[in-house]
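Student: Take this structure, written in structure tokens, and hold onto it; I'll ask about it next.
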Amino acid sequence: MAELEGTEKLPSDEPTVAPTASQAPTSQDDTTVETAEEAVEPPEADINELCKDMFSKMSCYLTGELVATSEDYKLLENMNKLTCLKYMEMKDIASNISRNLKDLNKKYASLQPYLEQINQIEEQVASLENAAYKLDAYSKRLEAKFKKLEKR
């Protein structure tokens, strides 16, 4: 086998490989083992700068997204608090209305006997009015008869 020494020049877009050969006799035969190490080409400054720029912009973008989401949640929290307060106010108003309605029902119940008396009086007045009309009609007929008798 052939021994390689040094490095070969490759086009700039491909990494260069610098194989080294070492001979290690393992037996009395002339057998050798070759090992090769890949030479790592240092990355170009452009790529490092572009990666840093990409990561900083990605970090800025993700931070903005997280801040926007956080603000959305704060807004929802504030809206929920306001809604809760409005519902508490509505609950208070409804309980006041309910209490006032119960008070009105009690007052109506206490006035119910008087309302029944008023209805009875109204019926009696209607009956008296009807009797007064009948009496008026009877007195007119009686007057007509008296005038008729007087003429004779």
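Student: Out of segment 50-68, which residues are of a type outside the set (Lys, Arg) and open to solvent by 100 Å² or more (accessible area, probe 1.4 Å)?
Tutor: If the condition is that a residue be of a type outside the set (Lys, Arg) and open to solvent by 100 Å² or more (accessible area, probe 1.4 Å), then 50, 54, 55, 58, 61, 66 are the ones that fit.
Student: Let me ask something else about it. Return yes when residue 36 is surrounded by fewer than 10 Cβ atoms within 10 Å (Cβ to Cβ), of a type in the set (A, V, I, L, M, F, W, C) and modelled with pLDDT of 75 or more and no when it is not.
Tutor: For residue 36, the condition - surrounded by fewer than 10 Cβ atoms within 10 Å (Cβ to Cβ), of a type in the set (A, V, I, L, M, F, W, C) and modelled with pLDDT of 75 or more - is not met.
Student: Go through 123, 143, 150 for me and flag whichever is surrounded by fewer than 10 Cβ atoms within 10 Å (Cβ to Cβ) and either over 28 Å from the mean Cα position of the chain (by Cα) or not charged (D, E, K, R) (or both).
Tutor: 150
Student: Could you check segment 69-104 and list, in sequence order, the residues that are among the polar types (S, T, N, Q) and open to solvent by 90 Å² or more (accessible area, probe 1.4 Å)?
Tutor: Correct list: 80 only.
The values are calculated or read from the model by the stated rules, or taken from the named source; none is laboratory data. Bear in mind the structure is a predicted one, so any value in this text is a computation, not a measurement. So basically every Cβ, Gly included, is an ideal-geometry build from the backbone, and we count neighbours across all protein chains shown. These accessible areas exclude ligands, DNA and RNA; they are computed on the full protein's heavy atoms, side chains included. Shrake-Rupley method; radii C 1.70, N 1.55, O 1.52, S 1.80 Å.
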